[in-house]
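A.B. asks: Take a look at the following structure, please.
No lab work stands behind these numbers, since they all come straight from the coordinates. Quick caveat: nothing in here was measured; it's all calculated off a predicted structure. A quick note on method: Cβ atoms are made from the backbone with ideal geometry, for glycine too, and the neighbour counts reach across all protein chains shown.
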Amino acid sequence: MTAPGVIEAPPAPPAAARIGLGMRLLPLLLIVGSGAAVLVMVGSGSPTARNPLIWLLPISMAGSAFVGLAGAGGQRRRDLDDQRRRYLSRLANTHRQLGETDAAQRDQLLTEHPDPRTLWRPAPAARAGEPGVLRARIGIGAAPPDTPVTIAPADPDADPVLAQAAADVAHAHREVPDAPVTVALRGSTVLGVHGDPEDARALLRAMLCGLVAGRHGGELSITAVVTEATAAHWDWLKWLPQARPPALACAAAAAAAHPGPGLLVRVVDVPGAPAPEPADGVCALRLGDTTADPGITVTPQQVRVDGLGPVLQARPDLLGPAAAAAAARGLAAAARHDGPDPAGALRVPLGRDTSGNSVFLDIKEAAHGGMGPHGLCVGATGSGKSELLRTVALGMIAGHRPDELNLALIDFKGGATFLGLAGANHVAAVITNLAQEAHLVDRMAEALTGEINRRQQLLRVSGNFASLAEYHAARRAGAALAPLPTLFLIIDEFSELLVQHPEFAEVFAAIGRVGRSLGMHLLLATQRLDEGRLRGLESHLSYRICLKTLSAGESHTVLGSPQAYQLPNTPGAAYLKAGAADPVRFHSDYVGAPASPTPPPVDRPQPFGPQPAATEPVTRTRIEATLDAVAGLGEPAHQIWLPPLRTPPQLAELGSPRRRGLTVAIGLVDRVAEQRHGAWELDLTGARGNVAVVGGSRSGKSTALRTLIAALALGNDPGAVRFCCLDLGGALADLAELPCVGAVAGRGDPDLVRRVVRHVEAEIARREQRPAPDALMLVVDGWSTLRAEFDDLEPAIAAIAGSGLAHGVHVLLAAARWAELRPALKDHLGARIELRLGDPLDSEIDRNRARAVPADRPGAGLSPDGLPALLAAPTPVADLAADLRARAPGYRAKPVPVLPDRLGVADLPDPRGLWTPIGVLDDDELSPAAIDFGRQSHLLILGDAGAGKTAALRLLCGRLAVPGHRFALIDPRRTLTGALPGALRIALPELVGELRGGAPQTSRTLVVIDDLDLCAGAPELAELAELLPRAADFGLHVLAARRMAGAARGMWEPFPAALRDADPVGLQLSGNPEEPALLGRARPRRLPPGRGTLVTRDHGEQLAQLAWSTP
């Protein structure tokens, strides 16, 4: 770019190389010459002439000549390409520079003409322009550039490609997009504003507010000419510092000249009135319903300016009455504080002295003309101390914008001192009732310390500013810095606070040391001031306010004299002492008094007839009127005190959980020092994959598990996570409706409880051979119950926790105390949720903070870093199930296989030799439960009445009744009558005789004994007992059943003892749990009929369901 806004002219293409006539005829001469030479050689009869290669000579010579000619043209193309490449490179650089110029102009325009909705912020001074002309923003659109972009004069033969590229760049920068579009307002002009009246008024509100921003009163004045019907639309003008009172419609008011300096912008909102005549120094903006006048036409989508030069179009700025009033009040405050008297900042009137003059409290530094940043206020009960504090707070609110000053209002006793002030945007915190909730005092100390750290960090990262004053100076100079208001802390009853929490004095002292540079000011108030209570603080208190005291000593401590003790009992009588100056007596203002009465109504003629009844006037106090006036002013203050976590959030409030995997948000953490409520997240990846939830009674342990299950289910794709639950507390039963839950085993179904644990163990074994992509969660609610009633499962679950994470298997359990978890298990629980404990001394996170966990708030606890936390409320099961089904219609997690209540013989595989299936095992495949009499020759069945002993023997008789087998039946109660065909039966005495006689045995013999307890002493059994050690030689098998009761004693009789010594297969059906373990290590327990524990030498103890054989 040769000059600003000028694009370099495109060059002409390089000239073509000139080729003479001789060079052009050279190929022809070479062809003719070489052809003649070849003809001569052929005519001479030379053998060389017969060689075909000789004809290549003229062809190659002609080709060489043509290549030479083409080379001259190729050089020109290379020169052209190089020229274009260099020019386009320079053009791209010009395009970038023009873009930067456009961006700078846009930023400058946005600075000079900001969004009307942000005009409560400080605005820079308007750029000087044509005298007597002010520019008003009408919206956002394409603005003409400050320097029009042109192309330098080019050669007529310029390269057309480069000329088009230059034209494209010039066209791209013919205007600045998305920039404020302004219209010039001059004196002696009348501009019409056409369109819907409400749209026109909204545009004019934005224009007028934008005109006022950054301009002094000498440059601009604003007024309106209205009717009674339209006056309400312009009532907000009273807040603008450059505004004059509106005038009722009359021709004189609409056409009056402006006698003062600067420009008068007059809004004429008189429907149907003719256009006013131009007046000197006045720019009239007339709302009209016709487009006859030149000016502005507005719709909600577009504003267009005609008749004032080039047509302008933009997206309009539309400002409602409330937003315009807020902007006007902000501009008025800016005019006060940014004007010629900056000493008014941080200064508030307290009341009047004895001479009737105003007395001010100025909390600026002494170097800036103030009384110092920190002070003390003392006043006995009834002296007006609370009202004085309200006066100070309200005066600060009324005299400052929220981006200039924030208030933190703290009342230790929880009175009504600051009642109603919380709604102002200036207020960063209102903290009350600390005396009744002592744990909140520590929280407040942490919040104030966090604010100190926040301000220090902000000053450091923003430019290593030494103080807030430097920060504000840089911001006023145009630095892009966020607002950082002064923070004024008013603390009532601080003396009682220090009595109950003396450690809080360190926080006050810290603010006293660094508050001046950080913009944190203290006003400490109390009813009584005990001797020594200010120790460590006195050197930081630069001003004192003392109302009536109850003793001369208190007055002397505060003022250095007894004057406050001598004050009358009139509320509001006080002394103000700044530094070493003498105390000044004054009487404080009373902001609880009624606001100024409204002016009396104006008598106007009314139609004769009935009139509506007059309403009683609503009396407002000064504080209410002031708070109403500043309502909506500015942005709300940065909150240094968030309310404690009391109401459990919903999972949806923690952010979308979708596709977060095994990192889930389960609640909120009260990060007081950071002044925010952060998500309480659990990361179940790696070594932290197992979770322990520990809490006392009614602390929310089951809720924590439900919330965690819901968060994991919502945070993963269907099929990516599966749950198996042990519901030993009764709070997880309804989770069985969820598609991702494979089983919920309750306390009343001990078989299913054990089955779930075995299923998880089998799953780990399968994943060791073939890894699976999904995560399996074993959820245990009620660890103490598991230890008491299922103590045999504790080692198994500890083993799952130790080895499962490597295979995607996790354990989530809830316990009442940390001591319930054995070290072997606790070491594998990497993620921990600690709720309220029965004894805070049991806390493994922070014993002191554990004491502060509220007892009446289920789900409240401590985060792993020791901060207060609150679990989210679990999603209702019906809603969660519907959500999961909608995401994966038809999906259902693999259920945990369970034993059937009834099994038919036809469902069993056929016997193979001595391998005899009798039921199914309680495993994931429901494998056949079989007795291999080839491995163990005998069977002993124990069980109570009705447990299924006889049915088991009947089943075996039916399955073993095959040729080659004989049966000797001992059935005292004749319950097996008909179970065996007579051809297969042999009497026991005859059998014993055969065996004793040594007769060779060609078949296997099975002795079936039902109700062994009734016949254990029979002589035949005594003789049979002697043969049991050699049973394998005889092909002898004993199948005996007896009742469980008394079995511990009865098993010592000769035959039962011999049978047990023969290592039989054991089948232990339902029995009294108080009986000892007789078969293997398993104690008897109550089971459904036909279900029992099969004890074999090869496989140990296995739960099985026997098939039912019809009698």
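A.B. asks: State the volume of the convex hull built on the alpha-carbon positions of the range 375-506, expressed per residue in Å³ and rounded to an integer.
C.D. replies: Given the Cα convex hull of the range 375-506, per-residue volume reads 121 Å³.
A.B. asks: Also, I was wondering about something else. Just want to confirm a number: the relative contact order over the range 644-765, from Cα pairs under 8 angstrom separated by 6+ residues, in percent. Write down the numbers at each step before the final one.
C.D. replies: Working: 151 pairs, mean separation 22.3, N = 122.
Over the range 644-765, the number comes to 18 percent.
A.B. asks: Give me the Kirkwood hydrodynamic radius of the range 651-887, using the inverse of the mean 1/r over all pairs of distinct Cα atoms, in Å to one decimal.
C.D. replies: About 17.8 Å for the range 651-887.
A.B. asks: Let me ask something else about it. Can you give the Rg to Rh ratio for the range 905-1106, taking only C-alpha atoms and Rh from Kirkwood?
C.D. replies: Values: Rg = 15.9 Å, Rh = 16.9 Å.
So for the range 905-1106, dividing Rg by the Kirkwood Rh gives 0.94.
A.B. asks: Follow-up question, since we're still on this one. At 0.36 nm per residue, and after removing the present C-alpha to C-alpha distance, how many nm does the segment from residue 118 to residue 766 gain when stretched out fully?
C.D. replies: Length gained between residue 118 and residue 766: 226.8 nm.
A.B. asks: Right, another one. Could you pull out every residue, at least 5 positions away or on a different chain, whose amide H is within less than 5 Å of the one on residue 351? Hs are placed 1.01 Å off N in the peptide plane, and Pro or chain starts have none.
C.D. replies: The answer is 359, 589.
A.B. asks: Considering the dipole of the chain built from charges on the beta carbon (Lys and Arg +1, Asp and Glu -1) around the Cα centre, which of 968, 481, 529 is farthest to its positive end?
C.D. replies: Sorting the options by dipole projection puts first 481.
A.B. asks: Could you give the dipole magnitude of the range 905-1106 about its Cα centre, charging the beta-carbon of Lys and Arg +1 and that of Asp and Glu -1, in debye to the nearest 20? If you can, show how the numbers build up before the last one.
C.D. replies: Numbers: 22 positive and 25 negative charges, 55 e Å.
The calculation lands at about 260 debye.
A.B. asks: So, one more: Which net charge results when you count Lys and Arg as +1 and Asp and Glu as -1 among the other residues whose beta-carbon is under 15 Å from that of residue 1102? Walk me through the numbers on the way to the answer.
C.D. replies: Details: positive: 754, 755, 758, 935, 1081, 1085, 1091, 1097; negative: 751, 761, 792, 922, 923, 924, 925, 932, 1098, 1101.
Cβ neighbours under 15 Å give a net charge of -2.
A.B. asks: Here is a further query. Any number yet on Rg/Rh for the range 653-716, C-alpha, Kirkwood? Don't skip to the answer; put the middle values down first.
C.D. replies: Details: Rg = 12.6 Å, Rh = 12.8 Å.
Result: Rg/Rh = 0.99.
A.B. asks: Separate question: Roughly what angle does helix 701-714 make with the longest principal axis of the chain, taking Cα atoms, 0 to 90 degrees, to the nearest 10?
C.D. replies: The answer is roughly 70 degrees.
A.B. asks: For Cα pairs less than 8 Å apart in space and 6+ apart in sequence, what is the mean separation divided by the residue count of the chain, i.e. the relative contact order in percent?
C.D. replies: 7
A.B. asks: Among 546, 1104, 644, whose Cα sits farthest toward the positive end of the charge dipole of the chain (+1 at Cβ of Lys/Arg, -1 at Cβ of Asp/Glu, about the Cα centre)?
C.D. replies: Looking along the dipole axis, the top candidate is 1104.
A.B. asks: Can you show me the helix-derived [θ] at 222 nm for the chain, built from DSSP H runs with n ≥ 4 at -39,500 (n - 2.57) apiece and divided by the number of residues, rounded to the nearest 500.
C.D. replies: Result for the chain: -9500 deg cm²/dmol, rounded to the nearest 500.
A.B. asks: Taking only Cα atoms, what is the 0 to 90° angle, nearest 10, from helix 439-461's long axis to the longest principal axis of the chain?
C.D. replies: Long axis of 439-461 versus the principal axis of the chain: about 50 degrees.
A.B. asks: Tally Lys/Arg at +1 and Asp/Glu at -1 over every other residue whose Cβ is under 13 Å from the Cβ of residue 503; what's the total? Walk me through the numbers on the way to the answer.
C.D. replies: Working: positive: none; negative: 442, 446, 506.
After counting each charged neighbour, the total is -3.
A.B. asks: At most 10 other Cβ atoms within 10 Å plus a DSSP loop assignment makes a site exposed; report the longest stretch of the chain without any exposed GluC sites (Glu not before Pro). Spell out each step's value before the answer.
C.D. replies: Values: sites that count: 228, 531, 925, 1074.
With GluC sites (Glu not before Pro) excluded where exposed in loops, the chain gives 532-924 as its longest stretch.
A.B. asks: Is there a quick way to get the dipole size of the range 745-792? I mean about its Cα centre, with the Cβ of Lys and Arg at +1 and of Asp and Glu at -1; what is the value in debye to the nearest 20?
C.D. replies: With only Lys, Arg, Asp and Glu charged at Cβ, the dipole is about 160 debye.
A.B. asks: What percent does the relative contact order of the range 905-1106 come to when contacts are Cα pairs within less than 8 Å and at least six residues apart?
C.D. replies: 27
A.B. asks: Treating only the Cβ of Lys, Arg, Asp and Glu as charged (+1, +1, -1, -1), what charge dipole size does the chain show about its Cα centre? Round to the nearest 20 debye.
C.D. replies: Working: 110 positive and 117 negative charges, 317 e Å.
Its charge dipole is roughly 1520 debye.
A.B. asks: Sticking with this structure for a sec: What's the angle, to the nearest 10 degrees (0 to 90), between helix 750-769's Cα axis and the longest principal axis of the chain?
C.D. replies: 80
A.B. asks: Work out the charge dipole of the chain with +1 on the Cβ of Lys and Arg and -1 on the Cβ of Asp and Glu about the Cα centre, then indicate which of 510, 149, 978 is farthest towards its positive end.
C.D. replies: 149
A.B. asks: Let me ask something else. Based on Cα coordinates alone, diagonalise the gyration tensor for the chain, multiply each eigenvalue by 5, take square roots, and list the semi-axes in whole Å, largest first.
C.D. replies: With the √(5λ) rule applied to the chain, the semi-axes are 87, 61, 28 Å.
A.B. asks: While we're looking at this one, here's another question. Between residue 906 and residue 642, what is the spin-label point distance in nm, taking each point 7 Å from the Cα along the Cα→C-beta axis?
C.D. replies: Calculated label separation equals 6.7 nm.
A.B. asks: Within a 10 angstrom radius of the beta carbon, how do 565, 543 rank from fewest other beta carbons to most?
C.D. replies: Going from sparsest to densest Cβ surroundings: 565, 543.
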